[in-house]
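The values are calculated or read from the model by the stated rules, or taken from the named source; none is laboratory data. Please read these numbers as outputs of a predicted model, since none were measured by experiment. Cβ atoms come from the backbone with ideal geometry, glycine included; neighbour counts cover every protein chain shown. Accessible surface areas use protein heavy atoms only, side chains included; no ligands, DNA or RNA. Shrake-Rupley method; radii C 1.70, N 1.55, O 1.52, S 1.80 Å.
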Amino acid sequence: MNKYGAEFFGTFWLVLGGCGSAVLACNFPDVGIGLLGVSLAFGLTVLTMAYAIGHISGCHLNPAVSVGLWIGGRFPVKDLVPYVIAQVLGAIAAGGVLYVIASGQAGFDAAAGFASNGFAEHSPGGYSMVAALVTEIVMTAMFLIVILGATDARAPQGFAPIAIGLCLTLIHLISIPVTNTSVNPARSTGVALFQGSWAIEQLWLFWAAPIVGAIIGALIYKAIGCNCGKKCDS
């Protein structure tokens, strides 16, 4: 059970740190951290947890990543559902803690957004559903390529968390204006349940697109990453 607990707490930290920075600090008077700060916060949560629990569970923190690693031959299918359950529960727990903290401020209204992902009128930049779908698929595919490449046995050892964390930061810098950046169904679910209404209605896209993107990314890396001419896991 250690690895499932690690995924729970790792995803808890990702959602609390990433979404918490967006809800509590992004527009804080005079010293708001803005888009750059929120992007960095998401990257730092993954980087810190990769070093903390990577040796326990692999530090997936994301159902799409777990699916992609399974497709890429790096993760056993028997652990897929338990990992996803642990990740989603960790995200919901973080959403609950964040809600308690944020609601301590007068005038707080989770319905205003609560760092939820959305498209069309709920996209930060007013981007369409198609734009959101393409963004989430492509960003997640690139994320999986970086993850699989950085953790390849042939890659420099010990640096994978840095590459993965910086990749997630870059993904947020690109896509926050489009969807508020998901690339992670658990992250989307953890705050959508507390926002309610439109965030739940649009949640399907932030499950479907990242998983499709993860599968595409894993297949691309399997095609370009193996130079031995045989079917292999790395």
| field | Accessible area per residue, Å², the stretch 134-234 with all protein chains present, probe 1.4 Å | value | 43 Å²
| task | Could you state how much accessible area Leu170 has, in square angstrom rounded to the nearest 10, with a 1.4 Å probe and all protein chains kept in place? | result | 100 Å²
| request: Just the number, please: Stokes-Einstein D of the stretch 33-88 in µm²/s, Kirkwood Rh from C-alpha pairs, 37 °C, 0.692 mPa s. | output: 268 µm²/s
| query | Ignoring any ligand, DNA or RNA, what whole percent of the accessible area of the stretch 1-126 comes from carbon and sulfur when the probe is 1.4 angstrom? | reply | 68 percent
| field | 1.4 Å probe accessible area per residue over the stretch 37-132, in Å² | value | 42 Å²
| note | Over all viewing directions the Cα convex hull of the chain casts an average projected area in nm² of 12.3 nm²
| On average over all directions, what projected area in square nanometres does the stretch 63-119 have, based on the convex hull of its Cα atoms? | 5.2 nm²
| field | Alpha-carbon Rg with Dmax, taken over the stretch 121-232, Å | value | 15.6, 51
| field | Neighbour count of at most 11 Cβ within 10 Å plus DSSP loop: longest trypsin sites (Lys or Arg not before Pro)-free window in the chain | value | 1-153
| message | Along each principal axis of its Cα atoms, how long is the stretch 33-135 end to end? Whole angstroms, biggest number first, please. | response | 45, 35, 25
| message | Just to be sure I understand: with springs between alpha-carbon atoms less than 10 Å apart, which residue in Gln87, Gln157, Gln195 has the highest mean-square fluctuation in the Gaussian network model of the chain? | response | Gln157
| field | Calculated P(r) tail over 15 Å for the stretch 90-156, as whole % of Cα pairs | value | 69 percent
| field | Sequence-separation-based contact order of the chain, relative, with Cα cut under 8 Å and 6+ spacing, percent | value | 30 percent
| task | Take every Cα-Cα distance within the stretch 125-187, group them into 10 Å bins from 0 onward, and report for each bin the whole-number percent of pairs it holds. | result | 22, 47, 23, 7, 0
| query | Extent of the stretch 2-49 along each principal axis, from alpha carbon coordinates, in Å, largest to smallest? | reply | 42, 16, 10
| How large is ³J(HN,Hα), in whole Hz, for each residue of the stretch 61-71 in order, when computed from phi with the Karplus curve 6.51 cos²θ - 1.76 cosθ + 1.60 and θ = phi - 60°, using x for Gly and Pro? | 6, 6, x, 5, 5, 4, 4, x, 5, 5, 4
| query | What do you get for Rg/Rh over the stretch 190-229 if you use C-alpha atoms and the Kirkwood form of Rh? | reply | 1.32
| Can you work out ³J(HN,Hα) from phi for every residue in the stretch 37-42, in order, using Karplus 6.51 cos²θ - 1.76 cosθ + 1.60 and θ = phi - 60°, giving whole Hz and x for Gly and Pro? | x, 5, 4, 5, 4, 4
